[in-house]
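Have a look at the structure below before the remarks.
The values are calculated or read from the model by the stated rules, or taken from the named source; none is laboratory data. Remember, predicted model here, so these are calculated numbers, not experimental data. Cβ: placed from backbone, ideal geometry, glycine included. Neighbour counts: every protein chain shown. SASA here: full protein model, heavy atoms, side chains in, ligands and nucleic acids out. Shrake-Rupley method; radii C 1.70, N 1.55, O 1.52, S 1.80 Å.
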Amino acid sequence: QSQLVESGGDLVQPGGSLRLSCAASGFTLDTYAIGWFRQAPGKAREGVSCISRDDGSTYYADSVKGRFTVSRDNLKDTAFLHMNGLKPEDTAVYYCAAMWICGDYGGINYWGQGAQVTVSS
């Protein structure tokens, strides 16, 4: 049994911070790039960030650049999305995904179950 298990979703005030975790179960996460996606109600799923499997290169959507940071801890088989300066428009269900190469969305092998992030006063 192999899966990605997400945690860390919460209700937070505008300007606040959250850290989402994405832990590999049944496989080794360091062999994959890890992407983060989000989907708001009535909206299409969009890419947020990605970290490569080899050189650690990171990528961010313009909407989150400078506020979000993607990282990984290979000893724990876990990836993270650090979210700072959260805005109401960041409200969405956030999904992590394991893939071979950042940007190759057709090569996603595993999806997390989703974590609800709600930004509201």
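Nonpolar atom fraction for the chain, defined as the carbon and sulfur part of the 1.4 Å probe accessible area, stands at 46 percent.
Contact order for the chain, expressed relative to its length and based on alpha carbon pairs under 8 Å spaced 6+ residues apart, stands at 35 percent.
Accessible surface for the chain, divided over its residues, is 51 Å² per residue with a 1.4 Å probe.
Phi angles of the stretch 89-98 translate, via the Karplus equation with coefficients 6.51, -1.76, 1.60 and θ = phi - 60°, into HN-Hα couplings of 5, 7, 4, 4, 8, 9, 10, 9, 8, 9 Hz per residue; Gly and Pro are given as x.
Every pair of different Cα atoms in the chain enters the Kirkwood calculation, which places the hydrodynamic radius at 14.1 Å.
Averaged over residues, the count of other Cβ atoms within 10 Å places the peptides 30-38, 18-26, 1-9 in the sequence 30-38, 18-26, 1-9, highest first.
Check K87: other-chain or 5+ apart residues with amide H under 5 Å from its amide H, H built from backbone geometry? Residues meeting the criterion, in which the H sits 1.01 Å from N, are G15. Each residue of the stretch 7-23 was assigned a 3J(HN,Hα) from its phi angle through the Karplus curve 6.51 cos²θ - 1.76 cosθ + 1.60 (θ = phi - 60°); the sequence is 8, x, x, 6, 8, 9, 6, x, x, x, 10, 9, 10, 8, 10, 9, 9 Hz, with glycine and proline shown as x.
Straight-line cross-link partners of K87 among the lysines, defined as a Cα under 26 Å from its Cα and at least 8 positions apart when in the same chain: K43, K65. The Cα atoms of the stretch 28-67 give a gyration tensor whose axes a ≥ b ≥ c have a/c of 1.5 or more with a/b no greater than b/c, which makes the shape oblate. Between V48 and W36, F37, R38, the built amide H atoms are under 5 Å apart, and every one of these is 5 or more places off in sequence or on another chain.
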